[in-house]
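The values are calculated or read from the model by the stated rules, or taken from the named source; none is laboratory data. If you're wondering where the values come from, they're calculated on a predicted model, not measured in any experiment. Because the Cβ atoms are built from the backbone with ideal geometry, glycine has one as well, and the counts that use them run over all protein chains shown. Accessible surface areas use protein heavy atoms only, side chains included; no ligands, DNA or RNA. Shrake-Rupley method; radii C 1.70, N 1.55, O 1.52, S 1.80 Å.
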Amino acid sequence: MAVDDNLLVQKCKREKGDVNVFIGTGSGGHTFPGATRKFGMVQLSPSNGVQNSWNFCSGYHYDAQEFAGLTHTALSGTGLGDLGDFLLTPICSSRMKRLKLDHEDECAVPGFYTIEFAECNMARLEATATTRVGLSRFFCQGAHCRLRFDTTWGQNSKTIQSKINIPNAKKSNNDILYFDGERQSSGFGRKRDTSGKIQFRALRHLFFSCLAMGVKRTITVSSKIIELHMDNFLEIRCALSSTSIKKAKLNLATEAPTNKSFVSIAHDALAEWNTILKDDFIIDIDEHMLGASVLRTALYHTLLTPNTISDVDGTAPLVFAPSFRKEHPSWTVSTLSTWDIFRTQFPWLTLFVPSAAKATADSMIRYATISQRLPKWLLAESETDVMIGYHGVAIITNAFLKGLVSSKHAAIHTILATTSSNNEPVVYYHKRGERYPSRDHVEAVSTGLEIAVDDTCAARVMEANGLRGHAIRLARRGSLYQAYFDNASSYFRGDDTEHFDPYEFHYSNRKNAHDFTEGSAAQYFFTPALVDPIGLIRLLGSVEEMKKRLDALFDPTFLRIQHGARDVTGCIGQCCLGNEVVHHVPYLYNAIRRFDLTQRRINDILLNSNLFGSGPDGLPGNDDCGQISAFLLLSALGIYPADPCSTVWQLGRPIVRAVNLTLGSIDQNNKKILRIIAHNQAPNHPYVQSVYLDGMKLSRSYLYHSELIAGPLIEFFMSPSFKPNYLSVAPSPKNQLEKKILISSRRRQTPRQRTAARFSTKNSRSSLFRS
């Protein structure tokens, strides 16, 4: 029997101020406080037992007052709920009454969670995890405590089939019980045919193998639920697998063998996270400028996804093709919300954990080998088809340009297959050089704009490989965003709208439909600038007009939220940072050489807006698999990937005094340290007077990825006022292709066509570009 020495709880209470895992568990952050490892398959986290509620997408919300138990999986920061597999519930009475949740009795740090119960003879539970195994132990005051293991429970998901097997119901002398089983469920995932019509809900299939120590009696409630009776102590270790019960058993035996104690595994988890969050991220920051714990927690949240889906021997679900390197076990990952993470979280991984970025890219490519297209929102082994665009192309482009794909040939093939797929109706129109008609399709304008971004990204890969024909064709399609531009309003808009307000959210003249996804025309105006800020300036006519448009987005008089736009939060004017659409916008001032305004906007966002903080409501919106946390973290460091399909990082306004960031590497043997120092740092010093890279003064407003991964010293010199300077702006990869497109087009045109094309550019809502 284990001794209740309470040492882990005491350690948790001492260290909980260093990283606050409860940030984002309140308001609409949708994070979870449970125990997990970096990119873990298991998230052993508390559940409030509330179904079908937007606030409980992760299973837990700080404002709830009930404790339903621990689940072995949870989503981090998503806008839709799912997972919540295999619920462990302490039982205090015969009526299955839920326990009260008092936050004074909770403690959580990365890798460990505990809670005490004043009203129950089940005195306390503790939870920790390995990558694929969740370990929990329960302490009982007196005797005859009970614990229920339920395979039917799921967070906002329907259990299609589940079962528990007890191979040997007769317990050994050591009161050890082995049991295993599976759960098949459907949540927000769904399968579509080639026309886009929903055929049936996609199924997740998860297997488990558990070891329970301290069992006095087992009661089979049904084939799907069992109760475990205990005296003073019970420990349960449950390994998961997405492939089979056999592999779950292998994961259990490998990661949590019986000769390794719960305390030892918990200390391993704590030590691993401490190394990452404290040793690899040494930070000096004025506590009046956000605080170190807020940034460490942001770092923590960026490392929760993607989630490992392969077993310890590399086995992965069949939807992933075999590894490119068959002689080595492959690391396969899932939980890929590409619409969110392509903007900041994935570029952050290419810098800090390139092995995870490479695993993400390779997993997506292997998935596309079977499905013939890159995933859009991959949950476990199921494509959910949530959100717009095919931003897997942007992710593969980023990885490709940074040398983080195992097979360049496979990457090119999957990009071409995805951009040619009929799965996206918009592709049919863009192939013909036509805009996506909003009269027939919901969210047509935002879809068209984002697909154009992805096509531009694809063109860069083709150009880098000398595939000139494909590059020109895709770049021409990438320029089709101009076809959605309305000269009268100077905004992108639908083609059949009678009334148009660019500041109205979820706008459309049709009931229950809209032309934009989770945003307004004012916000989506800047979507093309992700990859083509110069082209957007040309549409407006001048740099001065671009500045006016940027300033207007931050003007609070233009904020008008309508139609229950719950994702539109954290707003400074229409710059709503609780959603991803505008994350790059503050850095667009750099493109018009107003570096002072980029720095002032970032200063206001991070320090003067109360959008980020140390409480449960410390995030401005859904964390979306670490995307918002990545925006916070990188902005605080003074660097940002405003163009997510390039190797350029924009310079902003750091709020740290100093940071030593240990960068990962593919082989783990060649780690570099990126050092950032902000001299004269203060809340009232928002402007950057100069930047030095390894002692050399920079004459540009950006850095290259190759410079960052070399481990340089970056020095910012801060000032209370801005001194005008003439830094160069980042070159536009799109401009290099425009000349080739123009030359190629002229070769095929008659003199009359060339003359007509010269004048038709003013009517950009027509079909200008033919592929």
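Given the options Gln10, Gln65, Gln51, name the one that is without any contact (Cβ under 8 Å) to a residue 12 or more places away in the chain and open to solvent by 10 Å² or more (accessible area, probe 1.4 Å).
Gln10
Thr332 - would you say it is of a type in the set (Ser, Thr, Tyr), open to solvent by less than 10 Å² (accessible area, probe 1.4 Å) and in contact with a Leu (Cβ under 7 Å, 6 or more places away or on another chain)?
The answer is no for Thr332.
Restricting attention to the range 436-462, and to residues there that are among the charged types (D, E, K, R) and open to solvent by less than 10 Å² (accessible area, probe 1.4 Å), which single residue is nearest to Glu518 (Cα to Cα)?
Glu450
Mind counting the residues in the range 396-418 that are buried (at least 22 other Cβ atoms within 10 Å of the Cβ) and among the hydroxyl-bearing types (Ser, Thr, Tyr)?
Of the residues in that region, 3 qualify.
Looking only at the range 693-731, which residues are open to solvent by 70 Å² or more (accessible area, probe 1.4 Å), of a type in the set (A, V, I, L, M, F, W, C) and in contact (Cβ under 8 Å) with a residue 60 or more places away in the chain?
Within the range 693-731, just Ile709 meets the criteria.
Do we find that Ile602 is out of contact with any Lys or Arg (no Cβ under 8 Å at 6 or more places or on another chain), β-branched (Val, Ile, Thr) and part of a helix (DSSP H, G or I) in this structure?
Against the criterion (out of contact with any Lys or Arg (no Cβ under 8 Å at 6 or more places or on another chain), β-branched (Val, Ile, Thr) and part of a helix (DSSP H, G or I)), Ile602 does not qualify.
Based on this model, can you work out whether Leu240 counts as open to solvent by less than 10 Å² (accessible area, probe 1.4 Å) and either among the aliphatic types (A, V, I, L, M) or touching a Phe, Trp or Tyr at 6+ places or on another chain (Cβ under 9 Å) (or both)?
yes
Among the residues of the range 346-360, are any touching a His at 6+ places or on another chain (Cβ under 8 Å) and among the β-branched types (Val, Ile, Thr)?
Looking for residues that are touching a His at 6+ places or on another chain (Cβ under 8 Å) and among the β-branched types (Val, Ile, Thr), one finds at least one in the range 346-360, hence yes.
Can you name the residue in the range 206-221 that is assigned to a loop (DSSP other than H, G, I, E, B) and not aliphatic (A, V, I, L, M) and is also modelled with the highest pLDDT among such residues?
This residue is Gly214.
Residue check: is Gly49 more than 19 Å from Ser209 (Cα to Cα), at pLDDT below 95 and outside any strand (DSSP E or B)?
Here the answer is yes, as Gly49 does meet what is asked.
Can you pull out every residue in the range 117-132 that is closer than 17 Å to Leu44 by Cβ, open to solvent by 10 Å² or more (accessible area, probe 1.4 Å) and assigned to a strand (DSSP E or B)?
Arg124
Scan the range 599-612 for residues that are open to solvent by 20 Å² or more (accessible area, probe 1.4 Å) and not hydrophobic (A, V, I, L, M, F, W, C) and jot them down.
Result: Arg600, Arg601, Asp604, Asn608, Ser609, Asn610.
Could you count how many residues in the range 419-435 are closer than 23 Å to Leu401 by Cα and either crowded, with 24+ Cβ neighbours inside 10 Å or modelled with pLDDT of 95 or more (or both)?
Residues meeting the conditions: 1.
Which pairs turn up if I take residues in the range 578-596 that are among the basic types (Lys, Arg) and look for partners that are open to solvent by 10 Å² or more (accessible area, probe 1.4 Å) and part of a helix (DSSP H, G or I) with beta carbon separation below 7 Å, at least 6 apart in sequence or on another chain?
Arg594/Lys547
If I filter the range 464-501 down to residues being assigned to a helix (DSSP H, G or I) and open to solvent by 30 Å² or more (accessible area, probe 1.4 Å), which single residue comes out as farthest from Asp440 (Cα to Cα)?
Ala464
Do the conditions hold for Tyr589, that is, is it closer than 21 Å to Gln627 by Cβ, open to solvent by less than 30 Å² (accessible area, probe 1.4 Å) and in contact with a helix residue (DSSP H, G or I) (Cβ under 8 Å, 6 or more places away or on another chain)?
no
Please enumerate the residues belonging to the range 650-692 that are closer than 29 Å to His288 by Cα, free of Cβ contacts under 8 Å to residues at least 60 places away in the same chain and more than 26 Å from the chain's Cα centre (by Cα).
Correct list: Ile677, Ala678, His679, Asn680, Asn684, His685, Gln689, Ser690, Val691, Tyr692.
Going by what's in this entry, would Leu351 be described as modelled with pLDDT of 95 or more and crowded, with 24+ Cβ neighbours inside 10 Å?
The answer is no for Leu351.
Within the range 223-288, which strands (runs of 3 or more DSSP E) (wholly inside it) include 2 or more residues that are of a type in the set (D, E, K, R) and either in contact with a strand residue (DSSP E or B) (Cβ under 9 Å, 6 or more places away or on another chain) or farther than 25 Å from Cys140 by Cα (or both)?
Filter on the range 223-288 gives 233-241.
I'd like to know if the range 311-325 contains one or more residues that are without any contact (Cβ under 8 Å) to a residue 60 or more places away in the chain, surrounded by 24 or more Cβ atoms within 10 Å (Cβ to Cβ) and either under 22 Å from Gly134 (Cα atoms) or of a type in the set (S, T, N, Q) (or both).
no
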